[in-house]
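Novice: Could you have a look at this structure, given as C-alpha cells, before my questions?
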Amino acid sequence: MKPLSHYLRYLALIVSLLFLAACSEGEDHAAKTASITTLDVYKSRTCQCCQQWIQHMENTGFETKIHHPADLNRVKDDHGIAPEYQSCHTAVTSDGYVFEGHIPARFVQQFLENPPAGAIGLSVPGMPAGSPGMEMGDRFMPYQVWLLKKDGSAEVFASVDSRDQQ
C-alpha cells in the first residue's frame, strides 16, 4: 500500500491541472471578448422595435452604441442603402459594413465571419412581423435578408421562412 503523501501529491497534481485548464479557458474567453463586434446603431428616439432589435443583438454577444441623428435618411444615403432596402434603423461596424433593419444576429455574424467581395452589408427591408424586434405573438411573415453590394445591386443572402430559421 502506498503512503498517504503519494495520494496527496497525486491530488495536488490533479488540482493544478484543473486550475491550468480553467486559466486557459479564461484566456480563450478574453480573446473572444476582445473580438466582440460593436455596432453603431442609428435610429429614431421613439422607435421601440429598434430598441428590441438592439436587445436581440446584445443578447447574442454584440455591443451597441445608439445614435439619434437629426436626419436618419441621410445616414442611410451616406452608407449607400437604396430606398427599396431601407428600414427603421441602420447599424454600422467599425469596418463600415451596414446592417439595415431587423436582421437576425446569426446572419450578421455569418456575414462578418466571411464578408462577400464587393458587399457593403445586409438588409431586411420594411419591418416583417416576427423578425427580431418585431415579435407579435404568434404572427410571422416570411422574409428575405438581402446582400447589399457596392455597385448598388443586391441579391438574396438568406430566406427566412419560419421563426426557427432566425
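The values are calculated or read from the model by the stated rules, or taken from the named source; none is laboratory data. All values derive from a computational prediction rather than experimental measurement. Every residue, glycine among them, receives a Cβ derived from its backbone with ideal geometry; neighbour counts consider all protein chains shown.
Novice: When you scan region 34-65, how many residues do you find that are of a type in the set (Val, Ile, Thr), in contact with a helix residue (DSSP H, G or I) (Cβ under 9 Å, 6 or more places away or on another chain) and in a strand (DSSP E or B)?
Specialist: Of the residues in that region, 2 qualify.
Novice: Report yes if Val98 is touching a residue at least 40 places away in the same chain (Cβ under 8 Å), among the hydrophobic types (A, V, I, L, M, F, W, C) and either outside the structural domain of Val41 (by TED's automatic domain parsing) or in contact with a His (Cβ under 8 Å, 6 or more places away or on another chain) (or both), otherwise no.
Specialist: Answer is yes for this residue.
Novice: Let me ask you something else. Go through region 93-112 and give me each residue that's more than 15 Å from Trp146 (Cα to Cα) and under 11 Å from the mean Cα position of the chain (by Cα).
Specialist: Thr93
Novice: May I pose another question? When region 91-106 is examined, which residues are found to be buried (at least 22 other Cβ atoms within 10 Å of the Cβ) and on the phi > 0 side of the Ramachandran plot?
Specialist: Passing the criteria: only Gly101.
Conditions (1) part of a loop (DSSP other than H, G, I, E, B); (2) assigned by TED's automatic domain parsing to the domain that holds Ile81; (3) more than 13 Å from Glu84 (Cα to Cα); (4) touching an Asp or Glu at 6+ places or on another chain (Cβ under 6 Å), marked per residue:
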residue: Ser123; (1), (2), (3), (4): no, yes, no, yes
residue: Gly126; (1), (2), (3), (4): yes, yes, no, no
residue: Gly130; (1), (2), (3), (4): yes, yes, yes, no
residue: Trp146; (1), (2), (3), (4): no, yes, no, no
residue: Gly152; (1), (2), (3), (4): yes, yes, no, no
residue: Glu155; (1), (2), (3), (4): no, yes, no, no
residue: Ser159; (1), (2), (3), (4): no, yes, yes, no
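Novice: Go over the candidates Gln144, Gln109, Gln86 one by one and state the one that is touching a helix residue (DSSP H, G or I) at 6+ places or on another chain (Cβ under 9 Å) and surrounded by fewer than 19 Cβ atoms within 10 Å (Cβ to Cβ).
Specialist: Gln86
Novice: Sticking with this one: Do we find a residue being in contact with a strand residue (DSSP E or B) (Cβ under 6 Å, 6 or more places away or on another chain), within 16 Å of Trp53 (Cα to Cα) and basic (Lys, Arg) anywhere in region 89-108?
Specialist: The answer is no, given that none of the residues of region 89-108 is in contact with a strand residue (DSSP E or B) (Cβ under 6 Å, 6 or more places away or on another chain), within 16 Å of Trp53 (Cα to Cα) and basic (Lys, Arg).
Novice: Just give me the residues in region 44-79 being among the basic types (Lys, Arg) and either under 18 Å from the mean Cα position of the chain (by Cα) or not assigned by TED's automatic domain parsing to the domain that holds Gly126 (or both), in sequence order.
Specialist: Lys65, the sole residue that qualifies.
Yes/no per residue for (1) among the hydrophobic types (A, V, I, L, M, F, W, C); (2) in contact (Cβ under 8 Å) with a residue 12 or more places away in the chain; (3) under 18 Å from Thr60 (Cα atoms):
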{"residue": "Pro115", "(1), (2), (3)": "no, yes, no"}
{"residue": "Met127", "(1), (2), (3)": "yes, yes, no"}
{"residue": "Trp146", "(1), (2), (3)": "yes, yes, no"}
{"residue": "Glu155", "(1), (2), (3)": "no, no, no"}
{"residue": "Asp161", "(1), (2), (3)": "no, yes, no"}
